[in-house]
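Each value in this text was obtained by applying a stated rule to the coordinates, not by laboratory testing. Every value quoted in this text rests on a predicted model; they were computed, and no experiment measured them. Quick reminder, even Gly has a Cβ in these numbers, built from the backbone with ideal geometry, and neighbours come from all protein chains shown.
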Amino acid sequence: MGPAPWIGIDLGSPVPAGRQIVDAIRTHLVEGELAPGDVLPSVRRLAMELGVHFNTVAQAYRQLAEEGWLDLKHGRRAIVIGRGAVGDAGADKIPYFHRRLREMVAEMRAHGVAPDSIAAELRLFAERLKS
Amino acid sequence: MIGIRLLLLFPLVLILVLLHALPLLPKRSRLFGVDVPREVRYGSEGGRLLRGYHVRLLPFSIMAFLAAWWAPVAWLWLTVASPAIAALWLLYRSHAYAVRFALPAPSTREASLGGDAGGLARRLLWFAPPLALVTAAALYLYLNWSRIPERFASHFDSHGNANGWAFKSVRGSFGPLALGAAIILFSMALYMVMELGSRRGTQRPAMLACLAAPGYLVGPIFAIFGLLPMFVPPVWVFVLLLGAYLPGLIVLLVRVVATSVGGPSEVTPDSCWHGSFYYNPQDPALFVDGRTGFGLTANFARRLVWLLLAIIALVTVGLLLLGSKVLMGAPLQDWRPPAYSKPDAFSERAVTVGTGEWKLPGTLTVPRSRTPVPGVVLIHGSGPEDRDETIFGNKPFRDLAEGLASQGIAVLRYEKRTKEYGAKMAQMRNLTVQDETVADAVAAVTLLRTQPGIDPKRVFLLGHSLGGYLMPMMLAQAPEAAGGIVVAGTARPLEDVMLDQFEYAGSLPGGDTPEARKQIDELRKLLLSVKALQPGHEDGPAILGAWPHYWLDLRGYDPIVQAAKITRPLLILQGERDYQVTMKDFAIWTTALGGHSNVTLKSYPALNHLFVEGQGKSMPAEYMTPGHVSSEAIGDIAGWVLAH
């Protein structure tokens, strides 16, 4: 196993810190940089490192646990677990993803990123997914 | 004197080096507490600012270093304070200038998702060696408990003479070790809190070094203090310890600083910084990377920080107070009134003996009585004695005053002139016993005779040791004194008595060493040179603490011859265990005056030179044990005074 992955949050961003934490950790989980059995830092420690409230981190961990990534039942430790096969996302979720992806592509286009590059990036990320 | 300056020099040089290194210590991207672009920090602007700091601080450092050698001791603190104040001012000015180059603060904060298991415990191990040393010392004391003396020196002056004492008790013996362990444990706890309360960063090794390193000095020093009951180390052990520790500390600091200044600055919002104070209620960290200087600073928005600071302040003050108490030991003044002192029977008041240049503070102890009472003036032995003749825990004159006053006799005692005006007296080459003792004794008799409630016809002189030797001289000059009491009074020339004393010390168990014999030989030579003094030798050097004139003045004085002429009552008392003024002297008094009807002689088998009871050979160390003037002797003196 390589060095532990890092996450970063932007204190100046309008996106809430908790949401930034969930997104960042989930990315590492999906890309396999965090594997089942890995132990995440304690809520207290991660909150300290990121300079956010303990509850923000605790809530982020709970959301990841609800999504099936983490096991929070062992005392204060957050352990990465194998999720097994996940069925298709419910139909209710699709419009939400559709909207976010569309907004993201629009933002990239607005900053002048070529459509080919966007398509290549999307393919690259999609193929790196391990679970 | 040189000792104090040398001891000051180590920390002073360290402080001066630190003051000069201060702007170089923080992170590499910082210039006087401001995050600046590299081209400013390492370009001409940064160089100019740093050079300016050094050039302006250097004169203060050089002055402080020179002053450490030549300034009067009372002003030595200025040698540290003035460059420190100058450095603070220069840092502030440079910071104000560097702000114009400040980079916009980054807003992204990062954290590793890896665990940190075992790291803290491993780092805390750095505190273990000094702690183990102190524990080992405690264990050694515990195992050798039976060998610890009842009372031992626990503090020494700059000449290595003991001036503080501790007792064989759990507190006295283990106090210094417990204190040393407490200091190390406290810095360990502090490190734990600081690590748990701050973000993982490159400051961690520096933090650990700063908190663990002191233990490596505190541990050995307190172990040495702790073992004082068993060994008294020579001063060079401390010099060696400091000499080994300080270079080690400097190497460590340089290495730690080198690793910790390279890292990026911790991201903290600019708006939360008020000068060098950080206040951010959103931030759970208790301690953050400081913007100025080196190391961490507190997040004052956290209540826990205030609590911690209060605890740190309290513990520091507590350790300092406790430390000075434990390490200084008790200055053996634990005098308690003797059983024969009846505080209800007398009162004390302050008086002044003599007038003008040499007036002396004194204490008059007066019995509660409706009729006039007899009085006694107490005259000291040799040396700069206080009014109580305090020696370690003994206050024989206070015992006498309270003991006699309890039996209806007023007692006047006062500071000896060489005690009150020691520095002035030491300059007087023509000093004689007249100035040292006799003149004040006569003035004291005059004073006591005029005090209300005192019977002026019954005022006696009591002379101890040298005071007994001078009794005939004093009685001759104070014709209104009713009589004299000689307690352990010398009958022979002082130089003869001194030689006997040193030879006795050499004859004690453990005293007969080649060095002791050499010392006695040297003393004998000195005493012979006293004997060889002739009129005209007055300009020579002081011998045995007195100028030639002092010795020459006593040449024609023989207390025995003078005493034989006295018709007033004389009481001559002697302790048989006294090794300073011995039964040899008492035999001379007895032979010369035994047949005189006005003279009463008595010796006491158990008493030493202080008229304190004891057993076996009297030793110099016996005076360290607090005791009281024998009630039998006090009863005899009181009976004799009241009978006349």
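With one equal scatterer per alpha carbon and no solvent term, the Debye-computed log10 I(q)/I(0) for the protein assembly as shown at 0.07, 0.08, 0.09 1/Å reads -0.75, -0.86, -0.97.
Using only the Cα atoms of segment B:465-532, build the gyration tensor, take square roots of its eigenvalues as a ≥ b ≥ c, and label the shape rounded, prolate or oblate: rounded if a/c is under 1.5, else prolate if a/b is larger than b/c, else oblate. Can you show the working numbers first?
Numbers: a/c = 6.40, a/b = 2.32, b/c = 2.75.
Oblate shape, in that a/c is at least 1.5 and b/c is the bigger or equal ratio.
So for chain B, averaging the separation of alpha carbon pairs under 8 Å that are six or more residues apart and normalising by length, what relative contact order in percent results? Averaging sequence separation for qualifying contacts and normalising by length gives 10 percent for chain B. Taking segment A:24-39 and a reference point 7 angstrom along Cα→Cβ of A:ILE81, the backbone N atoms nearer than 12 Å belong to A:37.
If you sort the three axes of the alpha carbon gyration tensor as a ≥ b ≥ c, you get a/c of 1.5 or more for chain B and a/b above b/c, which makes it prolate.
At 222 nm, what helix-only mean residue ellipticity would chain B give, in deg cm²/dmol to the nearest 500, using -39500 (n - 2.57) for each DSSP H run of four or more? Walk me through the numbers before you get to the answer.
Values: 23 runs with 308 residues, N = 644.
It lands at -15500 deg cm²/dmol.
Panel order for A:PHE54, B:PHE502, by other beta carbons found within 10 Å of each beta carbon, from fewest to most: A:PHE54, B:PHE502. Summary of packing: across the peptides B:539-551, A:112-124, B:373-385, the per-residue average of other C-beta atoms within 10 Å ranks them, highest first, as B:373-385, B:539-551, A:112-124.
Here the contact order of chain A, divided by its residue count and restricted to Cα pairs under 8 Å and six or more residues apart, works out to 24 percent.
Between the residues B:LEU573, B:ALA298, B:VAL366, the greatest Cα displacement towards the positive end of the dipole of chain B, with unit charges on the Cβ of Lys, Arg, Asp and Glu, is found for B:ALA298.
Shape of segment B:489-565 from its Cα gyration tensor (a ≥ b ≥ c, root eigenvalues): rounded if a/c is under 1.5, otherwise prolate when a/b > b/c, or oblate? The partial results should precede the final answer.
On the way: a/c = 3.53, a/b = 1.42, b/c = 2.49.
Verdict is oblate for segment B:489-565.
Of all lysines in the structure, the ones whose alpha carbon falls short of 24 Å from that of B:LYS419, not counting any fewer than 8 places away in one chain, are B:LYS359, B:LYS395.
Using Cα pairs under 8 angstrom and six or more residues apart, how large is the relative contact order of segment B:464-573, in percent?
Values: 106 pairs, mean separation 41.1, N = 110.
Relative contact order here is 37 percent.
Please compute the average number of Cβ atoms from other chains found within 10 Å of each residue's Cβ in peptide A:48-57. Mean shielding count: 6.
Once the Cα atoms of helix B:44-70 and of chain B are each reduced to a long axis, what angle between those two axes, in degrees from 0 to 90 to the nearest 10, is obtained? Tilt relative to chain B: about 10 degrees.
Axis angle, to the nearest 10 degrees, between helix B:170-196 and the longest C-alpha principal axis of chain B: 10 degrees. Reducing segment A:48-79 and segment B:554-594 to their Cα centroids gives an inter-centroid distance of 96 Å. Per residue of peptide A:32-43, the mean number of Cβ atoms on other chains within 10 Å of the residue Cβ is 2.
Just order B:405-412, B:623-630, B:612-619 by mean Cβ neighbour count inside 10 Å, highest at the front, would you?
Numbers: B:405-412: 23.5, B:623-630: 20.1, B:612-619: 15.8.
Descending packing order for the listed peptides: B:405-412, B:623-630, B:612-619.
For A:ARG128 and B:LEU139, a Förster radius of 60 Å and the Cβ-Cβ distance give a FRET efficiency of 0.45, rounded to the nearest 0.05. For the residues of A:20-27, the average number of beta carbons from a partner chain within 10 Å of their own beta carbon is 1.
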